[in-house]
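Worksheet for the structure shown next.
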Amino acid sequence: MSQEINEDMKSKGSSQMETIWPEGADMGKQEGRYTMKQAIKKWEDGREAGGEAERETLRMEVESKSRNEEFARVAVAVFISRLDPTLEEIDDVKTAVSEAVTNAVIHGYGGKEGIIYIQVTIEGRELSVEIEDRGVGIADVPKAMEPMFTTDLSGERSGMGFSFMEAFMDEVKVVSAPGQGTHVLMKKRIGR
Amino acid sequence: MAEQEFLYEAKGQVLVIHLPKEVDHHNCRNLKYETDLLLAENYITKIVFDFSETVFMDSSGIGVLLNRYKQMERSGGKVAICGASARILRVLTIGGMGKLVPRYNSMEEAIAG
């Protein structure tokens with residue numbers, strides 16, 4: 001039965017199908033017209049490859065104050081919700097953002113005034129989060145990233161900040177030097 | 001975002017610390033001072049961390065727990081946790097606290113255990 005319908009559509013409906021996608025619409029602009037089915041496939045392929053996927057960016061600047069740790073992670077969570085992530089994925093990203101912003105507040109600016117730059121990019125299913133400070137910087141990045149390593153003397157810091165970022169994101173890169181600030185880049189694929 | 005405070009409750013020689021909804025660096029900044037004061041003024045043999053209201057925790061929470069654990073260990077006391085959700089347990093495990101501190105479902109069990 002369904003085959004009959006398909007055959008029927010092929011025989012008399014092909015020219016109609018081609019004109020379903022209006023001329024000049026975004027999807028059809030570059031390579032002429034598509035049937036709806038082709039257009040959807042092209043869109044899905046684009047998302048899969050990440051090549052022609054839609055790209056959206058959030059840029060924020062927050063003052064280096066501890067109350068902004070929560071603000072930053074909640075704002076990022078709201079922004080990435082358009083990727084339809086699982087609750088676990090949202091919590092993972094929130095935790096990683098919280099760690100990086102907390103590092104900037106405590107270590108980068110050492111409790112002094114400063115601006116923390118946050119940039120979140122969604123491209124297809126790929127999420128990139130960049131958190132940057134223009135604070136003191138880190139002399140030995142690999143050492144700072146070791147689990148349990150901390151320069152804090154109060155005993156209240158676990159030294160697990162970078163370990164948490166690595167545990168909850170797929171990729172973490174840290175670029176830093178004394179006097180040059182610290183730039184943390186984290187990536188995660190949402191919906192695997 | 002309202003200020004979130006820790007609620008301390010004394011149950012005999014057990015100090016129950018009810019953690020806020022979000023356990024992060026900002027919300028933990030007074031905890032050391034407050035617990036040190038309570039531990040100095042009272043004879044406490046056990047601290048129970050009650051996570052039943054907590055939905056978010058980052059490594060700041062691990063630092064707080066680890067430090068209280070070391071403190072109690074030095075004085076021969078104990079630390080236990082209760083009411084932790086799957087998310088909080090995951091954070092505790094990644095933070096290396098999974099095997100260090102016994103977990104209970106209810107506060108009563110944690111106090112008695």
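No lab work stands behind these numbers, since they all come straight from the coordinates. Everything numeric in this text was worked out from a predicted model, so none of it was measured. Here the Cβ is made from the backbone with ideal geometry for all residues, glycine too, and neighbour counts use every protein chain on show.
So the values come out like this:
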quantity: Odd one out for A:Val172 among (1) touching a residue at least 12 places away in the same chain (Cβ under 8 Å); (2) part of a loop (DSSP other than H, G, I, E, B); (3) more than 17 Å from A:Phe79 (Cβ to Cβ); calculated: (2)
quantity: Helices (runs of 4 or more DSSP H) wholly inside chain B that include at least 1 residues being within 26 Å of A:Thr102 (Cβ to Cβ), under 13 Å from the mean Cα position of the chain (by Cα) and hydroxyl-bearing (Ser, Thr, Tyr); calculated: B:31-41, B:59-74
quantity: Matching option when the condition is within 14 Å of chain A (Cβ to nearest Cβ), under 29 Å from A:Asp91 (Cα atoms) and of a type in the set (A, V, I, L, M, F, W, C), among B:Leu31, B:Leu19; calculated: B:Leu31
quantity: Per-region count, the stretch B:62-78, residues within 18 Å of B:His18 (Cα to Cα) and either within 12 Å of chain A (Cβ to nearest Cβ) or surrounded by 21 or more Cβ atoms within 10 Å (Cβ to Cβ) (or both); calculated: 8
quantity: Of residues in the stretch A:121-164 being buried (at least 22 other Cβ atoms within 10 Å of the Cβ), part of a strand (DSSP E or B) and in contact (Cβ under 8 Å) with a residue 60 or more places away in the chain, the one farthest from the other protein chains (Cβ to nearest Cβ); calculated: A:Leu127
quantity: The lone exception for B:Arg87 - which of (1) within 13 Å of chain A (Cβ to nearest Cβ); (2) farther than 19 Å from B:Lys21 by Cα it fails; calculated: (2)
quantity: Any hit, the stretch A:99-108, residues being without any contact (Cβ under 8 Å) to a residue 40 or more places away in the chain and in a helix (DSSP H, G or I); calculated: yes
